[in-house]
Amino acid sequence: MSTTADPLVIDHLTVRYGRVTAVDDLSFSVPRGEVYTLLGRNGAGKSSTISCLVGQRKAASGGCRIFGIDTWRGRRHVMARVGLVPETPDMPPGASARELGRFLGRIRPVWNAEDYEKRLDRVGVPRRLPSGSLSKGQRRQLALAAALAAEPEVLILDDPTLGLDAVVRRTLFEELVGELADRGTTVLVTTHDLTGIEGIADRVGIMQHGKLVYDETMDGLKARFRRLRCVRGAATTTDEVERALAALEPTETRLVGARVDAVIGRADHAAVARFKETVGITEVEVEPLSLEEIFVALCGDGQGGA
Amino acid sequence: MRAFIALVLREINERKALLAAAAVASVLPLLAPLLPSTGSNPAADIREAVMWVVLGGLPPLFALLLGVGFIGRDLAEGRMGFYYAQPLSGSTIWFGKLTAVVVLIWAVELIVMLPTVLLAPDPGRFFAAPEVFDRFTPNWFAPLVFWIASVAVVLLAHAVGVVWRARSAWLVVDLFAFLTVVGAGWIALSPFLPIVAPEVGVTGLGILTAAGLAGLIAGGAVQVSQGRVDLRRCHRTLSTTLWTVLGACSIAVLGWSVWIRSGTIEDIRSFNRLAVGSGNWIGVDGVSDGRMDYLPRFLLNVNDGRSLFIGPAVDWNWNEVQFSADGTRAVWTEFSAIDQWPMMYADLGVSDPQPAFTGVVLGADRDEFSVSPDGSRIAVLEHNTVAVYQIDPPEQLMAAHIEGEFTPIDLRFDDANSVRVLASSTPEGRGGDLHWHLFFVELETRQLIESAEFDSPLRWGSRSLDGRFPDRLARIDVDGEEHLVILGNGNGEVAVDLGRAPRWSGLRTMADGRIAVFQDRDDDHCIDVFTPDGSLIHRIELPAAEEIYDGAEVGPDQFLVGLWSWEGEFPNRTRHLMTGLINLKTGKTERTLSGHAPVLGYWGVWSSPGSWEVGSVAGRLIQSEDRVLSLWDPETNELEQLIPVLQ
């Protein structure tokens, strides 16, 4: 899947904290101009992955490359072309948006001051207040404005909508879509806002317990996973239903009385047709799922994994 | 550089509140003179005093706060990621932040000083005039010291802050490494401190301190570059770098210390002090290349060149090597701790003399010690107690306390069973004149007996006990005019009256009992030779010189004198030494040796019984102006160089 031309490559990355393995032999890559969203429940290893990816934490084994440069060894060179919005905005608390812009303008190789100012205007971030005095949402907007003003070739967003209200969340992703369309930036984003990211992500990776359990295009994922509803006849046992469902690779199955509700991982016409022919199964319906529904089905308790 | 400067400015801006605090603190010296309790002291002095107090307190306090927080706090609160997300190298981040802190402290100092300096009657003296620590230390030195100390506090607080926040198992490594470095430092430098070679010790401490600071700076840089946001990794990299630098430096200092202490007699470039006795062995210490004030000390056989290292000399520890009168044994003290001076000895009659412990350890405030003529015993005067020990096997033979308000001054064995002690007291109602007492310690009866007391004032070093003539105690009576008499050692009564000696500078009793008195008469000098009962035989005029001192009796009627004079004008004048060989019979100066002077009788030369014997090796030892030690043969006028040892 990965090619040497891919600007962002994670190669057999393992991250440990003492005896705890946070990321376990993770590998994936993001082609140029693609938006890759990395999903996972809390503690799945997303932020540890990001931390290694931007050269802030050393991997126990494996590594990350951006533009072919090892991000641990060549962090300074890599970060000249990368924008990062961290999970928690970490700019100096005493620095105002204006001071921050001045500082970043001096140290970044590219700095679009006009874009920075316009974005701050648009989202209403005060210029003179120290960043420590801004609201959580304003700080996040400030971080995003700073990351985008550097016109990065790769943008890494670690849960950028965390703590933002619904309106701001929607605005943020909409603006992001506009920016990305203009620039062709490669984006890696981790988020819990699956509805917001669904419209802009090209590819989805799902992490569980430090491992990448799914890595597919958004369309592929949505085509593969469907909701199946049906009714079983009085003579049909639950075992018979489950045996028939097994061919559809269910990730979540609920049997309530005669009604069967399942999320299946194999929804091609032939497989579904064969299921419909099962004796005692009637009223079979197959429906598409949202990204959030797929994620819940895959990462819910005791379910998922591939 | 652009990024570095931007970061420095950003960090200073972030902490500009400190400058405001300094500005507020700078007003305190101005307000101090308004306090009612300041009395009539000049306002400028009060302002200055308060300014130094503020300067001594505020920057170190800020340094502590900044040191703990400038990296560690950002790290603990997850804000270091901001810097790593920028195209800044780790060293730019570390040195940029550190530079900002250092500049801030410097600025705080300037702000605190500024109002007081501007209002001072003579502002210029704050930067040039000597006042603060002592009259030789310029005022700018104090802020410099505060600043350097503050930077050290910053680095130390940073390291402690990171270690504390990480709380990783590396703390055990830190503790072990700290104890190892302290232990290595102690092993390396304690042989020099505090009194053996303070210059070496302080230099070593300075090197270790500088290495510690360098280690903290390098450790911080490596921590920021390689630890990044991982607090435990930060701790590990900081510790590894710090202890590597300090460990390497400790090993180097340890090696340096071993090298300094491994000097041989061949390394001595010029001798410092000598101890001489009746035999061929002398005690000598001296300066050697690269060893600063560490003075290796040896016993040296001047006949065959054998030598024995007997520990370093301690500058103020006078008369530290003594020889028995028969020349078979040397006894000396070594420094082991402030109040611990083990007494060592060596048998000189064997082919390979080795140091051995006498079993006696002296305290720092002991007064004197003496070796018995046969070398079998030592007597020690400590406080008011005389103790006598047998050396081999070690055993204390007796100890006697001299009761009363006495100050023991000198002691000497008359023979192996008798020790004589000279003491003084100042009885009330005698106008402050010293009162003198002679005691005998009889080992056979184990008794301390006072044999004589007399109240004439003794002056000018004539109070010492003359080893060769135990019945005589020279004194000079300055009751109106200088009146020279020789007292009996046993009873303190006048044994010989030599009449008036207005410019008396020294007295020597010759082997045949004649008495030579050295007269110092401005530019010309003379020796008055008396019969043993005090009749003047003749006066011998000496070559012109500014100073004269009595040397040694090198042969029948042959006497060496030391003469020295100044050549040139102050401050470029140089001292000129000369040895004169005087024939006491003819009164002629038979020979002079320019550029050299006899060591006996010279400052820094300590003589044991027998050294003054006619023809003794000690009497023929000659020193040059640059402290080269040679053995002079008066017959042939040849010099055999001893120190430095010819390779």
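The values are calculated or read from the model by the stated rules, or taken from the named source; none is laboratory data. Small disclaimer: the values here were computed from a predicted structure and weren't measured. Positions of Cβ are generated from backbone atoms using ideal geometry, with glycine treated the same way; all protein chains shown enter the neighbour counts.
Observations on the model:
- Restricting attention to the stretch B:226-266, the residues being in contact (Cβ under 8 Å) with a residue 40 or more places away in the chain, surrounded by 18 or more Cβ atoms within 10 Å (Cβ to Cβ) and within 14 Å of chain A (Cβ to nearest Cβ) number 7.
Okay, residues lined up against (1) at pLDDT 95 or above; (2) closer than 15 Å to residue A:187 by Cβ; (3) among the aromatic types (Phe, Trp, Tyr); (4) in the same structural domain as residue A:82 (by TED's automatic domain parsing):
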site: A:2; (1), (2), (3), (4): no, no, no, no
site: A:12; (1), (2), (3), (4): yes, no, no, yes
site: A:20; (1), (2), (3), (4): no, no, no, yes
site: A:23; (1), (2), (3), (4): yes, no, no, yes
site: A:31; (1), (2), (3), (4): no, yes, no, yes
site: A:38; (1), (2), (3), (4): yes, yes, no, yes
site: A:53; (1), (2), (3), (4): yes, yes, no, yes
site: A:64; (1), (2), (3), (4): yes, no, no, yes
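- In summary, residue A:59 fulfils each of the numbered conditions (1) within 14 Å of chain B (Cβ to nearest Cβ); (2) under 22 Å from residue A:151 (Cβ atoms) with the single exception of condition (2).
- Top-ranked residue in the stretch B:189-221 [being touching a residue at least 60 places away in the same chain (Cβ under 8 Å) and over 14 Å from the mean Cα position of the chain (by Cα); ranked as nearest to the other protein chains (Cβ to nearest Cβ)]: B:221
- Residues in the stretch B:226-273 that are among the charged types (D, E, K, R) and more than 25 Å from the chain's Cα centre (by Cα): B:228, B:230, B:232, B:233, B:236.
- Hits in the stretch A:176-205 - residues which are surrounded by fewer than 17 Cβ atoms within 10 Å (Cβ to Cβ), out of contact with any Ser or Thr (no Cβ under 9 Å at 6 or more places or on another chain) and either in contact (Cβ under 8 Å) with a residue 60 or more places away in the chain or acidic (Asp, Glu) (or both): A:182, A:184
- The lone exception for residue B:13 - which of (1) more than 14 Å from chain A (Cβ to nearest Cβ); (2) polar (S, T, N, Q); (3) without any contact (Cβ under 8 Å) to a residue 12 or more places away in the chain it fails: (1)
- For the stretch B:50-79, the tally of residues that are within 12 Å of chain A (Cβ to nearest Cβ) and in contact with a Phe, Trp or Tyr (Cβ under 9 Å, 6 or more places away or on another chain) stands at 1.
- Residue A:132 vs. criteria surrounded by fewer than 21 Cβ atoms within 10 Å (Cβ to Cβ) and either at the interface with another protein chain (Cβ under 9 Å from one of its Cβ atoms) or more than 22 Å from residue B:7 (Cα to Cα) (or both): no
- The requirement of being surrounded by 22 or more Cβ atoms within 10 Å (Cβ to Cβ), outside any loop (DSSP other than H, G, I, E, B) and away from chain B (no Cβ under 14 Å) is fulfilled somewhere in the stretch A:10-20, by at least one residue.
- Checking every residue in the stretch A:118-126 against the condition of being more than 8 Å from chain B (Cβ to nearest Cβ) and under 29 Å from residue A:31 (Cβ atoms) gives at least one match.
- Each residue in the stretch A:82-115 was checked for being facing chain B (nearest Cβ under 7 Å) and among the acidic types (Asp, Glu), and 2 pass.
- Top-ranked residue of the stretch B:80-103 - restricted to ones that are among the aliphatic types (A, V, I, L, M) and away from every other protein chain (no Cβ under 11 Å), ranked as surrounded by the fewest Cβ atoms within 10 Å (Cβ to Cβ): B:103
- Residue in the stretch A:69-81 that is nearest to residue A:32 (Cα to Cα), counting only those that are more than 7 Å from chain B (Cβ to nearest Cβ) and among the basic types (Lys, Arg): A:81
- Condition met for residue A:49 (within 11 Å of another protein chain (Cβ to nearest Cβ) and over 22 Å from residue B:3 (Cα atoms)): no
- Among (1) within 30 Å of residue B:409 (Cβ to Cβ); (2) in the same structural domain as residue B:212 (by TED's automatic domain parsing) - the single one residue B:315 does not satisfy: (2)
- Verdict on residue B:40 being out of contact with any Phe, Trp or Tyr (no Cβ under 8 Å at 6 or more places or on another chain), more than 14 Å from chain A (Cβ to nearest Cβ), hydroxyl-bearing (Ser, Thr, Tyr) and surrounded by fewer than 19 Cβ atoms within 10 Å (Cβ to Cβ): yes
- Residues of the stretch B:16-37 that turn out to be more than 14 Å from chain A (Cβ to nearest Cβ) and at pLDDT 90 or above, as a count: 11
- Restricting attention to the stretch B:601-615, the residues being in contact (Cβ under 8 Å) with a residue 12 or more places away in the chain and either among the basic types (Lys, Arg) or farther than 12 Å from residue B:282 by Cα (or both) number 9.
- Scanning the stretch A:121-133 for residues that are in contact (Cβ under 8 Å) with a residue 24 or more places away in the chain and in a loop (DSSP other than H, G, I, E, B) returns A:125, A:126, A:127, A:128, A:129.
- Of the listed requirements (1) within 28 Å of residue B:331 (Cα to Cα); (2) of a type in the set (S, T, N, Q); (3) modelled with pLDDT of 80 or more, residue B:607 misses just one: (3).
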